[in-house]
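The values are calculated or read from the model by the stated rules, or taken from the named source; none is laboratory data. All values derive from a computational prediction rather than experimental measurement. So basically every Cβ, Gly included, is an ideal-geometry build from the backbone, and we count neighbours across all protein chains shown. Heavy atoms of the whole protein, side chains included, go into the accessibility calculation; ligands, DNA and RNA do not. Shrake-Rupley method; radii C 1.70, N 1.55, O 1.52, S 1.80 Å.
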Amino acid sequence: MLNWLQIPLPELFALLAAIAFAAGLNVYATVAALGLLARFGHLPLPSALQLLETWPVIAASGALFAVEFFADKIPAFDLIWSALHTFVRVPVAAFLAYGATAQLTPARQLLATLLGAAIALAAHGGKIAVRAAVTPSPEPFSNISLSLAEDLLAIALTWLATRHPYMAGTIALSLVAVIALLARFVIRALQALFRGAEKELAGTPT
């Protein structure tokens, strides 16, 4: 059984990379999955993260995941939802990384926290960029398919990270590398996301 407090440092960072990437895609699914895995004895959590395995947190994250499951698939509204969740996914990923590395030196804990936030931001930006590239038309089917794939990837990556951290970390960092190569497009997609969300909130056509 994987124990975050006892695994070697490289394995811990691989685990956190995968968890942070999953949180950048769907933070509620990631938190709910971690909570359930811990609750049923499959993943001992560090003391700073044991709140995740309480039923109120599991229920709240599950309920919010259900809300996001539908909200993220509604054209136009998903712009507003994704824009707002830039300020949820990244901080939660940073919190998870910080709480999981309390046993490290302050410098390494800070590094893990910053890396968790950066990886989550990359995943969030890549998610927006892919949607901007694949779903320019108003039809909802491609958007729904992408959203389902993102949900499944977030849950699968979280589970894989608790079983095979190096494999999950390699997948996450490989995706981050692809996103980094497309950094200019990702930045433009994020800028377009916030402009589109602002117009939707103002009630003007995008």
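Odds and ends about this structure:
- The single condition among (1) open to solvent by 70 Å² or more (accessible area, probe 1.4 Å); (2) modelled with pLDDT of 75 or more; (3) β-branched (Val, Ile, Thr) that residue 134 does not meet is (2).
- Restricted to the stretch 159-186, and to residues there that are out of contact with any helix residue (DSSP H, G or I) (no Cβ under 8 Å at 6 or more places or on another chain) and more than 30 Å from residue 43 (Cα to Cα), the residue that is modelled with the highest pLDDT is 181.
- Screening the stretch 63-81 for residues that are open to solvent by 30 Å² or more (accessible area, probe 1.4 Å) and part of a loop (DSSP other than H, G, I, E, B) and picking the one that is farthest from residue 155 (Cα to Cα) gives 76.
- Taken as a whole, the condition of being crowded, with 24+ Cβ neighbours inside 10 Å and over 11 Å from the mean Cα position of the chain (by Cα) does not apply to residue 2.
- One residue alone among 32, 38, 17, 48 is in contact with a Gly (Cβ under 7 Å, 6 or more places away or on another chain) and either part of a loop (DSSP other than H, G, I, E, B) or surrounded by fewer than 23 Cβ atoms within 10 Å (Cβ to Cβ) (or both), and that residue is 48.
- Cβ pairs under 9 Å, 6+ apart, first in the stretch 54-70 and over 14 Å from residue 144 (Cα atoms), second part of a helix (DSSP H, G or I) and open to solvent by 40 Å² or more (accessible area, probe 1.4 Å): 54/39; 55/39; 57/51; 58/36; 58/39; 62/36
Rundown of residues vs (1) under 30 Å from residue 195 (Cβ atoms); (2) out of contact with any Phe, Trp or Tyr (no Cβ under 7 Å at 6 or more places or on another chain), yes/no style:
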residue	(1), (2)
33	no, no
36	no, yes
48	no, yes
56	no, yes
69	yes, yes
80	yes, yes
101	no, yes
118	yes, yes
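- Out of 154, 189, sole residue that is at pLDDT 80 or above and under 19 Å from residue 87 (Cα atoms): 154
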